[in-house]
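Have a look at the structure below before the remarks.
The values are calculated or read from the model by the stated rules, or taken from the named source; none is laboratory data. From a predicted model like this one, the values you see are computed outputs, not experimental measurements. Here the Cβ is made from the backbone with ideal geometry for all residues, glycine too, and neighbour counts use every protein chain on show.
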Amino acid sequence: MIAKTQTAFGRSFRRKAQRLPWWLSAAVALIGLLVLLPLAALIGIAAEGDAEIWPHLIANVLPASTIDTLALLAGIGIVAGSMGVTTAWLVTAHRFPGRSLLVWLLPLPLAVPTYITAYIYVEVFDSAGLVQMALREFMGWKSRTDYWFPEIRSLPGCILVMSAVLYPYIYIAARAMFLTQSASLLEVARTLGASRIKLFRIIALPLARPALAVGVSLALLEALNDIGASEYLGVRTLTVSVYNTWLNRGSLPGAAQIACVMLAFVIGLILIERYGRRDRRYAASAKRHRTVHPVPLLGVRGWVATLLCTMPVVLGFFLPTAFLLRETVRGSLFDQFNTDFLAHFLTTIGLSVLATCAILVLAVVLVSAARLAKTSLTRGALFVAGLGYAVPGTVLALGLMTPLVGIDNLIGTVWRSLTGERLGLLLMGAAGGIIIAYVIRFLSIATGSLSAGLDRVSPSLEDAARTLGASRREMIWAIQIPLMRPALASAALLIFVDCIKELPATLLLRPLNTETLSTLVYTYASRGRFEDGSLAALVIVLVGLLPVIQLVRSAEARPKVAESPSGSASGSTKPGIGADGADPLRRRPVTIEL
Amino acid sequence: MMVNFSFGRGLLFGAAVLGTLAGSSLSASAEEVLNIYTTREPGLIKPVLDEFTKETGIKVNTIFIANGLEERIRTEGQNSPADLIITVDIGRLAAAKDYGVTQPVKSEALEKVIPAAYRDPEGHWFGIALRGRVVYASKERVKQDKITYEELADPKWKGKVCIRSGQHLYNISLIAAMIAHKGEAKAEEWLKGVKANLAKKPSGGDREQAKDILAGVCDVAVGNTYYVSLMRNGNDAEQKKWGEAINVILPTFEGGGTHVNVSGLALAKNAPNKANAVKFMEYMVSDASQQIHAEANSEYPIKAGIKIHPTIASFGELKADNIPIAEIAKLRKKASELVDKAGFDQ
């Protein structure tokens, strides 16, 4: 009798857990629709045109630009991927000179925008750039034809430039993975006498696969989204074809058609990648692992490791920053620092902060709902949220304009019928459009980070709360949000940096008289005076640096805090997420899921 | 806890910024304003704008959008705050008209000053300044002082020509002009000839081509006139060297003149401050503003009798090509397709 009741209770309990309250379902659906909005508009634009552009494209454009695009993506995948994984493995599993400093430095290129790096690399390495001119003076060469020097305005140049600033996506994900996963496995392998190289090949690399997949796909989407750098460096990607069709042949529908095909391709890749990983579970169990014990690398080996880890930081951070500093000093650009500049600065920060807050709220809603009930609605919404990142900024902005203005006009018409006044455009006129664009574009960073964070927490916690009679609201506020907090922090920082760097959507959607730091840099560059924007570019890097440093600090410095007797500073000694004092990346996952 | 900013404080701050932005965009109706949508970096036209505000008391708001400006105005529709469109290149002006985001202006002041070839027959756009697309030639290595565009395809220049992407606006117009002169087949042949002469794959901007000449990568390059003045007269010592390394030859089409393009104005279709916009358009062809514009941007003034910037004047007398630029605009799509067909950028 008793047993029977319990089963019945259990069943009804489980059924109940699968259902979401209506308001949560509605919210989830609305968020999904928000992301779908620009995509639907894009498809709408594409449908306006006929297929007249395709014969020309297929005959003359697509073969070459598809090859260029694939070569670029493959190149970045290999170069940035190996940079990220190698450095992450070296600093995690080894000790060598400068390691503790490099742990701080390696993620820094995250703060440097790709297009700025492209301009800088041309200034430094181009035919009459700093390096070649110095070489000539030194060697007595007269002309470019007297010697061989790698061409920076080329496909390999583009791969180098992009990899130098995109590898941190892979580094961060891979390091988190190495830290949380491999200790016991590694030690077993070491005990069995595996060599270092073999350890890396047999244990570390396969374990890093999900991190690699996630990091590389983020980096590749960034590369595909880029137009400034690749065009400047003379690489004709498919994205450039979209622009040519749109601007030179006056066919927005045609451009939208190419964009749709590219998007379908990207979604296909994401799905294939997910399918490839369908049966594997990489998440940590609720049980605590010991952290990897770093093995010292002695002598030359140690210095080789130092060199390998220093190079990416120099390429992606020190070189660009040093150049910007040089230009700022050389052009005495500090004069630019006036009230206007301050206003642009505050606009940038304000927009980024608002967008970050909005994204976090929406992501918490989505992820909480998905945790409460894995329905097709929540799963679908989570997938859709991931698509925003796959849509290039300009395409997103073009797609967003129509619905935004539609809403604006609706408000305007109502206003006019009520007051007889002309209201103008509210969302477009007040930067609302920019924030919505940021939300759509970067939502996936938050949902990915939060899901990954929650996935590492045993469901038994929530089961316990449920058994104790917690309501859904209490579950969200008292259990899930506190559990997500570390992930929230790291997501917030990444999103903030991305918002500050964002250019194409900001450019297209901003109101009159409004500039952000990136549009400021862009305006100088489009005048052909990129160097004059050095101060703004430098400020972008510095502002982006603070969150990145915070990210590293919270990830790396945590054990010390936890070990301190009071432990109060960390405030994370709640059951289930703190207390072990092990490496914090486990509790602060910076893995980004698509 | 470790979150860098307090959530509430962040929201408050963000809201304050947004409020300020909203306030500035909505309160605009209180005073006389003019809203300019421009594809030109506003810094270039700032001297003229400041002067205009000083003279008329009309406050000028600007937004700079390089690509997508026409789409934005069209989408904004009836409620668009756009009064005036400022853009460069005939392609953009014609596109604005085709998109239906402009309206005609009837103004004697404009028609008197601007030659018919440099304005829309129906008054949808008006050119206010000209630039030539010319040949930069190495001072050291090129001795000739005359050249035709056709000659750029001559095998004697093999491995010696530099140019930015064939799909760039400026080159598309030049190629469209070549089609207008020679027909499509000949133009394609020419394009392939130029392609065969290239020292390197098209990339960079016009300044980079001058830089490549200095570096000895190539001997001749194609670029716009005003860049030379900006390089030579700017405050950047490195760019000065690029500018000084080249001579400018004003090339011509065989049986024609030098390819010029316009920077121009168009009145937005739903301009809320139409009177102010027209006032500005007429102001732009006044002696004073034409002079400021010519000096600040090193463009050829559209008005006869205005002094040309000394650097630009030093290139010699400009004999502009005779094909109306509105005709050239119609061939742009074809030109863009030819660039692909010739594999010019590959």
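Quick one: in the stretch B:45-66, of everything that is part of a helix (DSSP H, G or I) and of a type in the set (S, T, N, Q), which residue is nearest to the other protein chains (Cβ to nearest Cβ)?
Here is the first cut: in the stretch B:45-66, the ones part of a helix (DSSP H, G or I) are B:45-56.
After this cut, where a residue has to be of a type in the set (S, T, N, Q) as well, the list is B:53, B:56.
Numbers: B:53: 13, B:56: 18 Å.
The qualifying residue nearest to the other protein chains (Cβ to nearest Cβ) is B:53.
Any idea how many residues of the stretch A:140-164 are surrounded by fewer than 20 Cβ atoms within 10 Å (Cβ to Cβ) and assigned to a loop (DSSP other than H, G, I, E, B)?
Within the stretch A:140-164, residues that are surrounded by fewer than 20 Cβ atoms within 10 Å (Cβ to Cβ) and assigned to a loop (DSSP other than H, G, I, E, B) number 10.
Would you confirm, using the coordinates I've provided, whether residue A:312 is at pLDDT 95 or above, under 26 Å from the mean Cα position of the chain (by Cα) and part of a helix (DSSP H, G or I)?
yes
Residue by residue through the stretch A:249-258, note down the ones that are within 10 Å of another protein chain (Cβ to nearest Cβ) and part of a helix (DSSP H, G or I).
A:252
Of all residues in the stretch A:87-138 being hydroxyl-bearing (Ser, Thr, Tyr) and buried (at least 20 other Cβ atoms within 10 Å of the Cβ), which is farthest from the chain's Cα centre (by Cα)?
That would be A:127.
Would you check if there is a residue in the stretch A:353-366 being more than 12 Å from chain B (Cβ to nearest Cβ), touching a residue at least 60 places away in the same chain (Cβ under 8 Å) and surrounded by fewer than 16 Cβ atoms within 10 Å (Cβ to Cβ)?
no
Within the stretch B:296-308, work out how many residues are in a loop (DSSP other than H, G, I, E, B) and within 17 Å of the chain's Cα centre (by Cα). Outline the logic, then answer.
Step one: filter the stretch B:296-308 for residues in a loop (DSSP other than H, G, I, E, B), giving B:298-299, B:302-308.
Remaining after also requiring within 17 Å of the chain's Cα centre (by Cα): B:298-299, B:302.
Within the stretch B:296-308, residues that are in a loop (DSSP other than H, G, I, E, B) and within 17 Å of the chain's Cα centre (by Cα) number 3.
Inside the stretch B:68-79, can you point out the residues that are crowded, with 19+ Cβ neighbours inside 10 Å, at the interface with chain A (Cβ under 7 Å from one of its Cβ atoms) and not charged (D, E, K, R)?
B:68, B:75, B:79
Please verify whether the stretch B:5-16 includes one or more residues that are of a type outside the set (Asp, Glu), part of a strand (DSSP E or B) and either at pLDDT below 90 or within 19 Å of the chain's Cα centre (by Cα) (or both).
No - not one qualifying residue is present in the stretch B:5-16.
Which of the residues that make up the stretch B:150-199 are surrounded by fewer than 21 Cβ atoms within 10 Å (Cβ to Cβ), in a loop (DSSP other than H, G, I, E, B) and in contact (Cβ under 8 Å) with a residue 12 or more places away in the chain?
B:154, B:158, B:159, B:160, listed by residue number.
Going through the stretch A:70-100 one residue at a time, which ones are outside any helix (DSSP H, G or I) and either within 14 Å of chain B (Cβ to nearest Cβ) or not aromatic (Phe, Trp, Tyr) (or both)? Can you show your working first?
Filtering the stretch A:70-100 down to residues outside any helix (DSSP H, G or I) leaves A:94-98.
If the condition is that a residue be outside any helix (DSSP H, G or I) and either within 14 Å of chain B (Cβ to nearest Cβ) or not aromatic (Phe, Trp, Tyr) (or both), then A:94, A:95, A:97, A:98 are the ones that fit.
Can you spot a residue in the stretch B:88-95 that is surrounded by fewer than 23 Cβ atoms within 10 Å (Cβ to Cβ) and either over 20 Å from the mean Cα position of the chain (by Cα) or at pLDDT 90 or above (or both)?
Looking through the stretch B:88-95, none of the residues is surrounded by fewer than 23 Cβ atoms within 10 Å (Cβ to Cβ) and either over 20 Å from the mean Cα position of the chain (by Cα) or at pLDDT 90 or above (or both).
Restricting to the stretch A:178-196, count the residues that are surrounded by fewer than 18 Cβ atoms within 10 Å (Cβ to Cβ) and either within 30 Å of residue A:269 (Cβ to Cβ) or charged (D, E, K, R) (or both).
So the count comes out to 4.
Starting from residues that are at the interface with chain A (Cβ under 10 Å from one of its Cβ atoms) and among the basic types (Lys, Arg), keep the ones in the stretch B:316-346 and report whichever is farthest from the chain's Cα centre (by Cα).
B:341
Can you tell me which of A:208, A:174, A:204 is within 17 Å of residue A:551 (Cα to Cα) and surrounded by 20 or more Cβ atoms within 10 Å (Cβ to Cβ)?
Step by step, each of A:208, A:174, A:204 is checked, and only A:174 is within 17 Å of residue A:551 (Cα to Cα) and surrounded by 20 or more Cβ atoms within 10 Å (Cβ to Cβ).
From the list A:45, A:67, which one is part of a helix (DSSP H, G or I), surrounded by fewer than 16 Cβ atoms within 10 Å (Cβ to Cβ) and out of contact with any Lys or Arg (no Cβ under 9 Å at 6 or more places or on another chain)?
On inspection, the qualifying residue turns out to be A:67.
Kindly indicate which of A:398, A:427, A:410, A:443 is surrounded by 24 or more Cβ atoms within 10 Å (Cβ to Cβ) and within 14 Å of chain B (Cβ to nearest Cβ).
A:398
Which members of the stretch A:513-538 meet the condition of being part of a loop (DSSP other than H, G, I, E, B) and in contact with a Gly (Cβ under 8 Å, 6 or more places away or on another chain)?
The answer is A:527, A:528, A:529.
If the requirement is being among the small types (Gly, Ala, Ser), within 18 Å of residue B:259 (Cα to Cα) and more than 24 Å from the chain's Cα centre (by Cα), which of these qualifies: B:183, B:166?
Working: B:166 fails: more than 24 Å from the chain's Cα centre (by Cα).
Exactly one of B:183, B:166 is among the small types (Gly, Ala, Ser), within 18 Å of residue B:259 (Cα to Cα) and more than 24 Å from the chain's Cα centre (by Cα), namely B:183.
Any residue at all in the stretch B:210-220 that is closer than 18 Å to residue B:151 by Cα and under 18 Å from the mean Cα position of the chain (by Cα)?
No: the stretch B:210-220 contains no residue that is closer than 18 Å to residue B:151 by Cα and under 18 Å from the mean Cα position of the chain (by Cα).
Going by what's in this entry, would residue A:228 be described as at pLDDT below 85 and either within 14 Å of chain B (Cβ to nearest Cβ) or in contact with a strand residue (DSSP E or B) (Cβ under 8 Å, 6 or more places away or on another chain) (or both)?
Numbers: at pLDDT below 85: yes; either within 14 Å of chain B (Cβ to nearest Cβ) or in contact with a strand residue (DSSP E or B) (Cβ under 8 Å, 6 or more places away or on another chain) (or both): yes.
Here the answer is yes, as residue A:228 does meet what is asked.
Any idea which residue in the stretch A:480-523 is surrounded by the most Cβ atoms within 10 Å (Cβ to Cβ), counting only those that are touching a helix residue (DSSP H, G or I) at 6+ places or on another chain (Cβ under 7 Å) and of a type in the set (Lys, Arg)?
Of everything passing the filter in the stretch A:480-523, A:501 is surrounded by the most Cβ atoms within 10 Å (Cβ to Cβ).
Suppose we filter the stretch A:235-248 for residues that are part of a loop (DSSP other than H, G, I, E, B), of a type in the set (S, T, N, Q) and in contact (Cβ under 8 Å) with a residue 40 or more places away in the chain; how many remain?
Final tally of qualifying residues: 1.
Residues of the stretch B:81-101 being part of a helix (DSSP H, G or I) and more than 17 Å from residue A:252 (Cβ to Cβ), which ones? Walk me through how you get there before you give the answer.
Taking the stretch B:81-101 first, the residues part of a helix (DSSP H, G or I) are B:90-98.
Residues satisfying the conditions are B:90, B:93.
Filter the helices (runs of 4 or more DSSP H) completely within the stretch B:202-295 down to those with at least 1 residues that are more than 10 Å from chain A (Cβ to nearest Cβ) and in contact with a Lys or Arg (Cβ under 9 Å, 6 or more places away or on another chain).
B:206-215, B:225-233, B:237-244
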